[in-house]
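Please read the structure below before turning to the comments.
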Amino acid sequence: AAAAMASSTSRPAASDCVSPIRLLIFAARRTGSSYLVDLLRRHPSILMHGELFHTPNVRDAEDGYAGREYPPEAVFDVRRKNPAGLLRYVQCHAEGHRVVGLKVFRDHVRTTNWHHLTAWCTVCVVLKRDDVNAQHRSLLVAQRTGRWKGPTSRAITVPSNRSGDFDGWKWNQDLWYRTVSERLAKRVLSQRWARRDNISVVPLRFETHLVGKGGPDLSPLWKA
């Protein structure tokens with residue numbers, strides 16, 4: 001019964017699944033991804049979800065599903081094993097918005113399933129921080145205090161993944177970004193050969209685009 005419900009709910013009729021712009025933020029912790037999600041949620045044409053592949057509660061106001069119709073348990077509970085089901089649900093439930101999106105970190109989905117993410121997005125944001133030393137220090141402080149999104153946010157537990165070891169932490173982060181960039185580059189190349197224009201890769205930097213002197217500058221994203 002659960003399988004049948006997952007199939008019927010995650011695969012609506014083609015007439016009900018108008019494909020909007022699919023926005024995916026590939027990020028790492030302490031790069032300003034929560035701030036970017038908040039900025040995007042202020043736009044009336046964007047339905048921006050949070051960390052759907054990480055949050056244990058789909059109804060979480062910050063990291064969960066931002067739409068009216070929540071994904072069924074049969075889809076949400078197997079999202080790490082089968083990310084395609086949840087991605088399709090998000091795509092097919094834009095609720096009248098022109099853009100639907102979410103954000104993802106490397107440990108939200110199994111490494112063997114990263115290709116589902118890079119194949120899904122049509123506007124693919126790669127959010128990094130130029131000052132990785134400051135990022136690492138911020139990560140250690142957040143893990144020590146349990147505070148991740150400001151003084152009013154609840155404490156959460158995140159696997160450290162050897163974050164006390166700068167070299168090990170950076171190696172894992174670089175692997176994530178390198179894999180994502182290589183897969184997205186292949187998609188861009190293939191669309192050029194096919195003479196199609198269905199994907200945009202948007203590199204954003206914490207220092208330049210989120211906390212610059214003039215305030216947030218998302219012009220590269222709006223252009224895409």
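The values are calculated or read from the model by the stated rules, or taken from the named source; none is laboratory data. Treat the numbers as computed from the prediction; the structure is a model and nothing was measured. Reconstructed Cβ throughout: ideal geometry from the backbone, glycine too, with neighbour counts over all protein chains shown. With ligands, DNA and RNA removed, areas are computed over all heavy atoms of the protein, side chains included. Shrake-Rupley method; radii C 1.70, N 1.55, O 1.52, S 1.80 Å.
Across segment 74-82, computed HN-Hα scalar couplings (Karplus, 6.51 cos²θ - 1.76 cosθ + 1.60, θ = phi - 60°) run 4, 8, 5, 5, 10, 5, 6, 6, 9 Hz from first to last residue, x flagging Gly and Pro.
Label separation (residue 192 vs residue 222): 2.8 nm, computed from points 7 Å beyond Cα along the C-beta direction. Phi angles across segment 134-144 convert, under the Karplus curve 6.51 cos²θ - 1.76 cosθ + 1.60 with θ = phi - 60°, into 3J(HN,Hα) values of 5, 4, 5, 4, 5, 5, 5, 5, 5, 5, 6 Hz, Gly and Pro given as x. Residue 189 contributes about 90 Å² of solvent-accessible surface, heavy atoms of the protein only, 1.4 Å probe.
When the listed pairs 128/213; 149/223; 81/128 are checked against a 22 Å cut-off, the alpha-carbon distance exceeds it for 149/223; 81/128.
A straight chain from residue 116 to residue 43 at 0.36 nm per residue would run longer than the Cα-Cα distance by 23.6 nm. Taking a spot 7 Å from the Cα of residue 17 along the direction of its beta carbon, which residues of segment 187-224 have an amide N less than 15 Å from it? No residues fall inside that zone.
Distances between placed amide hydrogens fall under 5 Å for residue 47 paired with 99, 100, 101, all partners being 5 or more residues away or on another chain. For residue 200, the residues 5 or more places off, or on other chains, whose built amide H falls under 5 Å of its own are 123, 124.
When peptides 52-59, 39-46, 88-95 are sorted by average Cβ neighbour count within 10 Å, with the highest value leading, the order is 88-95, 52-59, 39-46.
The slack in the chain from residue 69 to residue 172, taken as 0.36 nm per residue of separation less the alpha-carbon distance, amounts to 33.6 nm. Each residue of segment 201-217 is assigned a 3J(HN,Hα), and the resulting list reads 9, 10, x, 10, 10, 4, 5, 8, 9, 10, 10, x, 4, x, x, x, 10 Hz, derived from the Karplus form 6.51 cos²θ - 1.76 cosθ + 1.60 (θ = phi - 60°), x at Gly and Pro.
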